[in-house]
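Written below as structure tokens is the structure these notes are about.
The values are calculated or read from the model by the stated rules, or taken from the named source; none is laboratory data. Just so we're clear, the structure is a prediction, and the values are computed from it rather than from any experiment. Cβ sites come from the backbone with ideal geometry, for glycine too, and all protein chains shown count toward neighbours. Protein only, heavy atoms only, side chains kept; ligands, DNA and RNA dropped before computing areas. Shrake-Rupley method; radii C 1.70, N 1.55, O 1.52, S 1.80 Å.
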Amino acid sequence: APSPTTAVPYTSVKCIDVRKNHHKTKWLMPWGPNHCEKLKDFDEAVSRQIEANDIVFAVHIPLPSKEMSPWFQFMLFIMQLDIAFKMDNDLKENAEITLDVSLAYRDDVFDDWEEIAHAIEIRKLKCTFGSPKTLESEGRHYDCDFLPFMEIGSVAHKYYLINIRLPVNERKGINVGIGEIKDIRFVGIHQNGGFTKVWFAMKTFLTPSILIIMIWYWRRITLMTRAPVLLEKVIFALGISMTFINIPVEWFSIGFDWTWMLLFGDIRQGIFYAMLLSFWIIFCGEHMMDQNERNRLSGYWKQVGPIAVGSFCLFIFDMCERGVQLKNPFYSIWTTEVGTELAMAFIIVAGICLCLYFLFLCFMVFQVFRNISGKQSSLPAMSKARRLHYEGLIFRFKFLMLITLACAAMTVIFFIVSQVTEGHWKWGDITIQVNSAFFTGIYGMWNLYVFALMFLYAPSHKNYGEDQSNG
């Protein structure tokens, strides 16, 4: 598959909003037949006595002679301000910039623009200046961090337009002491259409295969005279959560403007993570042959409890970011000090907990292997049929255990990398590029793993009783 995302740089055009009081047209286009009256720079604005409140920064998405497509799935925008140093207009400590932002769309070049969202947003400026602040340094640019700008969970329209005003109000101290802003630049990140098609094809192919094996597996269990044991129930639950993540609901996002798809995808993945982590604990626990509390979920509350709490925290965190973005795409938890610290703490704690979980899992696997090798010494005393049956079980189990560890290690790495990638877009380093092979590989691995579990752990319909000891 092609790489998962593409980053496109945009530079805003400075438009003069001469019709501010006439309200003839609200939207200012940077280019094209109805383009706005442009300013080269702010020196021109000063000489023509144009106020800061009459200047609008306009960005058209995508670039000229291109159009957006629903296959892009989402749009994430990061903003960078070009601020020059001026002795009489210096950048204050902890300066905040207030943006009056509007977003509109249209599907035809001749249509009118329709508003999607409008908000007044505040962003903290984090800038450093490399040279000494003297007259010789005037005109040099500050080195400013990227700022999170907006995120939309669907790309249902062909053309988008962003209009930004920087309203100045000296009495209220709005946009005062933010330095000399020369330009506003953006980086737009969206999913690649080619990657989306490969992803959809995988989901469409894998859904029926997991469904079929699930039905076969449950039929095997219901044929038994006994009730299903805990391990069998948990494997079935894992199959259900895998099917839930597989069902290609995303096909609808091509025809419908469903902005909640990103949030829905996160919830699906969260349920699967929680189920997978819980399953591994129960899977190892059920094979500890010397444990008294077996075949009861209540025996695992100490291990499964923290997973449930962690999943719930992640859900709340996601609702604070993506949930609010459904109403206001310009909102970001990373814009406030508290939000950034919370988000960072959250990612770090989640990463540490996952690493500890993995170590705990390795310890459990080690205990299980030790237990089993102890039991193997009693195999020679059994009848041939029973011995072969148990040898088969032990081999099957050891094979699955090693695959489980590999799968767990990859899942932990995948979770941490995907969290860091998302964070990187918002912290301001766009160099990180996760390979599409990593996404499709992990996703395929989970499916194969769940498939193998059901296949290997379906109860056998053969009868290994003592009466067959001759054969």
**Message:** For LYS133, LYS124, give me the order by solvent-accessible area with a 1.4 Å probe, most accessible first, ignoring ligands, DNA and RNA.
**Reply:** LYS133, LYS124
**Asked** What figure in square angstrom, to the nearest 10, would you give for the accessible area of PHE317 with a 1.4 Å probe?
**Response** 40
**Request:** Express in whole angstrom the spacing between the alpha-carbon centres of the stretch 218-240 and the stretch 112-182.
**Result:** 57
**Item:** Net charge contributed by nearby residues that have their C-beta within less than 10 Å of TRP27 (K/R +1, D/E -1)
**Value:** -1
**Fill in**
With the 1.4 Å probe rolled over protein heavy atoms, the stretch 5-191 has an accessible area per residue in Å² of 51
**Prompt:** What FRET efficiency, computed as 1/(1 + (r/R0)^6) with R0 = 56 Å and r the Cβ-Cβ distance, is obtained for LYS133 and ILE254, rounded to the nearest 0.05?
**Reply:** 0.60
**Request:** Write out the cysteines belonging to the chain for which the nearest other cysteine Cβ is not under 4.7 Å, or none if no such cysteine exists.
**Result:** CYS284, CYS313, CYS320, CYS353, CYS355, CYS362, CYS407
**Prompt:** Under a point spin-label approximation (7 Å from Cα along Cα-to-Cβ), what is the ARG140-MET382 distance to one decimal in nm?
**Reply:** 7.8
**Prompt:** When the chain is fully extended, how far beyond the present Cα-Cα distance does VAL309 get from LYS26, taking 0.36 nm per residue of separation?
**Reply:** 97.1 nm
**Request:** With viscosity set to 1.567 mPa s and temperature to 4 °C, compute the Stokes-Einstein D of the stretch 194-457, Rh being the Kirkwood radius across alpha carbon pairs; µm²/s, no decimals.
**Result:** 63
**Request:** Averaging sequence separations of C-alpha pairs under 8 Å and six or more residues apart, then dividing by the length of the stretch 5-191, give the relative contact order as a whole percent.
**Result:** 37
**Prompt:** Ignoring ligands, DNA and RNA, what percent of the 1.4 Å accessible area of the chain is carbon and sulfur?
**Reply:** 61
**Item:** Option label - Cα Rg over 2.2 N^0.38 Å computed here, alternatives (1) 1.28; (2) 1.59; (3) 0.93
**Value:** (1)
**Message:** Could you tell me the calculated FRET efficiency between ALA345 and ALA117, based on Cβ-Cβ distance and R0 = 35 angstrom, to the nearest 0.05?
**Reply:** 0.75
**Asked** Mean separation of Cα pairs under 8 Å and 6+ residues apart, divided by the residue count of the chain: what relative contact order is that in percent?
**Response** 19
**Request:** Could I have the simple spin-label model distance between LYS375 and LYS40, label points 7 Å from Cα toward Cβ, reported in nm to one decimal?
**Result:** 8.3
**Prompt:** For LEU161, what is the net charge nearby, where nearby means another residue's Cβ is under 12 Å from its Cβ and Lys, Arg count +1, Asp, Glu -1?
**Reply:** -1
**Fill in**
Largest-first ranking of TRP218, TRP251 by accessible area, probe 1.4 Å, whole protein assembly kept, is TRP251, TRP218
**Message:** Keeping all protein chains in place and using 1.4 angstrom, which order do SER154, SER69 fall into by accessible surface area, from largest down?
**Reply:** SER69, SER154
**Prompt:** For the stretch 194-457, what relative contact order do you get, as a whole percent, if you take Cα pairs closer than 8 Å and at least 6 residues apart?
**Reply:** 24
**Message:** Assuming 0.36 nm per residue, please report the length gained on full extension of the stretch LEU63 to GLN49 beyond their Cα-Cα distance.
**Reply:** 1.9 nm
**Message:** Below 14 angstrom from the Cβ of PRO70, what's the summed charge of the other residues (Lys, Arg +1; Asp, Glu -1)?
**Reply:** -2
**Request:** Take the stretch 268-413, drop everything but the C-alpha atoms, weight them equally and run the Debye formula without solvent; then report log10 I(q)/I(0) at 0.21 Å⁻¹ to two decimals.
**Result:** -1.31
